[in-house]
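**Student:** Got a structure for you, written out below as structure tokens; questions coming shortly.
The values are calculated or read from the model by the stated rules, or taken from the named source; none is laboratory data. Small disclaimer: the values here were computed from a predicted structure and weren't measured. Note that we place each Cβ from the backbone using ideal geometry, even for glycine, and neighbour counts take in every protein chain shown. These accessible areas exclude ligands, DNA and RNA; they are computed on the full protein's heavy atoms, side chains included. Shrake-Rupley method; radii C 1.70, N 1.55, O 1.52, S 1.80 Å.
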Amino acid sequence: MRMTSIRQMEYLVAVADVKHFGRAAQRCNVSQPTLSQQLKTLEDRLKVKLVERQSNGVQMTPVGRIIAERSRDILVAVQDMQALAKRASEGTIGTVRFGVSPTLGPYLMPDIIAKLHSEMPELKLYIREGIPSDQAEELSSGVIDVLLGPLPIDGTMLHVEPLFQEPLHIIAPPDHELASKDDLTNEDMAKIGFLTLDPRHHFYRQVERICASLNARIMRDYEGTSLDSLRQMVGSGIGLAIMPEFYLRSESTGENMVTRLTPKSWSAKRSIAMAWRRGSANEDDYRQLAERIRTIGLSRLQTPFL
């Protein structure tokens with residue numbers, strides 16, 4: 001029996017991920033007939049049915065799911081082997097596929113990229129923003145190399161390196177009754193409506209926990225699509241929101257149209273970490289990269305905000 005090819009495994013994993021021949025072919029940069037024929041060839045070689053072709057898409061058979069997951073592990077191992085060979089021959093980390101949360105990346109990465117480029121010009125970062133939980137899966141499956149985002153970061157065979165804690169702040173429109181209140185406390189937030197992102201985000205779940213501790217309420221009818229949209233809704237008077245420090249320090253957004261509320265016992269933070277696959281060929285480089293990001297992040301947090 002002829003051996004299964006790496007390309008056939010890529011096709012199988014793509015179909016398992018997207019459950020559609022057309023989208024899987026697009027992802028693999030081949031025609032749909034080519035992908036379909038190669039999967040049929042793979043089934044013939046293995047003498048087992050891997051996918052069930054249906055009118056509304058594709059479903060994996062039980063054995064197809066198992067073989068797709070094992071193929072994914074093999075593809076990740078091949079990528080790491082190629083990275084190891086490249087690292088040994090060129091002595092450079094090269095291009096890193098860098099996943100980052102949209103609630104962090106646009107407001108921290110500009111400083112990081114500028115400093116890293118001057119210190120490590122051979123390092124190239126291919127930035128991919130995405131939902132942290134989705135990107136943790138992409139990291140485990142080898143779609144991205146590292147992930148920078150809020151904890152928790154859960155995934156198969158990942159090393160998670162905590163970096164720093166980022167303060168979170170309550171924001172309100174400047175004319176809100178609490179904006180001019182002296183001796184503001186957490187108890188003043190009871191029953192107040194808070195805006196947040198949609199539930200797929202870690203940030204939503206953290207805001208939900210904070211609101212529960214304040215006896216405040218989540219305004220579920222007004223979910224924002226980004227931190228910018230939340231700030232704009234707060235500025236228009238719909239409700240309050242909780243925002244990360246780096247976002248509020250951003251030159252392109254900042255505290256335009258909103259003001260911070262600082263209750264006496266307020267101390268909410270989120271933990272930021274970087275993750276990569278254990279045993280990766282570039283693990284030492286990723287550890288150094290994490291340390292540089294830690295240093296840059298802490299430096300920004302310790303710089304007074306005017």
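**Student:** Could you work out the per residue convex hull volume over the alpha carbons of segment 86-220, in cubic angstrom?
**Tutor:** Value for segment 86-220: 146 Å³ per residue.
**Student:** Right, another one. To the nearest 10 square angstrom, what accessible area does His117 show with a 1.4 Å probe?
**Tutor:** 110 Å²
**Student:** State, as an integer percentage, the relative contact order of the chain based on alpha-carbon contacts under 8 Å between residues 6 or more apart.
**Tutor:** 20 percent
**Student:** Out of the total accessible area of the chain (probe 1.4 Å, heavy atoms of protein only), what percent is carbon and sulfur? Could the numbers behind the result be given before it?
**Tutor:** Values: 7730 of 15400 Å².
Heavy-atom surface of the chain belonging to carbon and sulfur, 1.4 Å probe: 50 percent.
**Student:** Along the charge dipole of the chain, Cβ charges K/R +1 and D/E -1, which of Pro110, Ser133, Val207 sits furthest on the positive end?
**Tutor:** With unit charges placed on the Cβ atoms, the residue in question is Ser133.
**Student:** Report the charge-dipole magnitude of the chain in Debye, nearest 20, computed about the Cα centre from +1 at each Lys and Arg Cβ and -1 at each Asp and Glu Cβ.
**Tutor:** The dipole magnitude comes to about 1140 debye.
**Student:** Which residue, Val143, Leu197, Pro173, has the largest displacement toward the positive end of the dipole of segment 124-197 when charges sit on each Cβ (Lys, Arg +1; Asp, Glu -1)?
**Tutor:** With unit charges placed on the Cβ atoms, the residue in question is Val143.
**Student:** Using modelled backbone amide H atoms (1.01 Å from N, in-plane), which distant-in-sequence or interchain residues come within less than 5 Å of Ile218's amide H?
**Tutor:** Phe194
**Student:** Which value, in Å², gives the accessible area per residue of the chain when a 1.4 Å probe is used on the protein heavy atoms?
**Tutor:** Normalised by residue count, the accessible surface of the chain is 50 Å².
**Student:** What 222 nm value per residue comes from the helices of the chain, counting each DSSP H run with n ≥ 4 as -39,500 (n - 2.57) and dividing by all residues, nearest 500 deg cm²/dmol? Present the calculation step by step, with values, prior to reporting the outcome.
**Tutor:** Values: 10 runs with 137 residues, N = 306.
Using -39500 (n - 2.57) per qualifying helix, the result is -14500 deg cm²/dmol.
**Student:** Then there's this: Among the chymotrypsin sites (Phe, Trp or Tyr not before Pro) within segment 209-306, which fall in a DSSP loop and have no more than 13 other Cβ atoms within 10 Å of their own Cβ?
**Tutor:** When the chymotrypsin sites (Phe, Trp or Tyr not before Pro) of segment 209-306 are filtered for loop state and at most 13 Cβ neighbours within 10 Å, Phe305 remain.
**Student:** What spacing in nm lies between the two simple spin-label points modelled at Glu69 and Tyr126, each 7 Å away from Cα in the Cβ direction?
**Tutor:** A separation of 2.7 nm, rounded to one decimal place.
**Student:** Shifting gears a bit: Between segment 1-39 and segment 151-217, what's the alpha-carbon centroid distance in Å?
**Tutor:** A separation of 43 Å, based on Cα centres.
**Student:** Among the GluC sites (Glu not before Pro) within segment 107-207, which fall in a DSSP loop and have no more than 15 other Cβ atoms within 10 Å of their own Cβ?
**Tutor:** Qualifying residues, ordered by number: Glu122.
**Student:** Evaluate E = 1/(1 + (r/R0)^6) for Ser236 and Asp182, where r is the Cβ-Cβ distance and R0 equals 30 Å; express this FRET efficiency to the nearest 0.05. Don't skip to the end; give the middle numbers.
**Tutor:** On the way: r = 26 Å, r/R0 = 0.86.
Calculated transfer efficiency: 0.70.
**Student:** Right, something else. Could you tell me the calculated FRET efficiency between Ser267 and Ser31, based on Cβ-Cβ distance and R0 = 51 angstrom, to the nearest 0.05?
**Tutor:** Efficiency, from the Cβ-Cβ distance: 0.35.
**Student:** OK, next. Counting only residues 5 or more places away or on other chains, whose amide H sits under 5 Å from the amide H of Ile127 once H atoms are built in the peptide plane?
**Tutor:** Phe98
**Student:** In addition: Only sites in a loop by DSSP and with at most 16 other Cβ atoms within 10 Å count here; which trypsin sites (Lys or Arg not before Pro) in segment 24-62 make the cut?
**Tutor:** Here the sparse-neighbourhood loop sites are Lys47, Lys49.
**Student:** For the modelled label position 7 Å from the Cα of Ala77 along Cα-to-Cβ, which residues of segment 1-44 have backbone nitrogen atoms closer than 11 Å?
**Tutor:** Those under the cut-off are none; the list is empty.
**Student:** Expressed in nm², what is the orientationally averaged projection area of the convex hull enclosing the Cα positions of segment 185-306?
**Tutor:** Details: hull surface 37.2 nm².
Approximately 9.3 nm², given one-decimal rounding.
**Student:** Moving to a separate point now. Each residue of segment 204-213 in order: what ³J(HN,Hα) in whole Hz does its phi give by Karplus 6.51 cos²θ - 1.76 cosθ + 1.60, θ = phi - 60°, with x for Gly and Pro?
**Tutor:** Rounded to whole hertz, the list is 4, 5, 5, 4, 4, 5, 5, 4, 4, 5.
**Student:** Which whole number in µm²/s is D for the chain by Stokes-Einstein, with the Kirkwood Rh taken over Cα pairs at 10 °C and 1.306 mPa s?
**Tutor:** Numbers: Rh = 21.9 Å.
Translational D for this selection: 72 µm²/s.
**Student:** A follow-up question, please. To check you understand DSSP bridge types, tell me what percent of the beta bridges within the chain (both residues inside) are antiparallel, rounded to 5.
**Tutor:** Within the chain, antiparallel bridges account for around 65 percent of the total.
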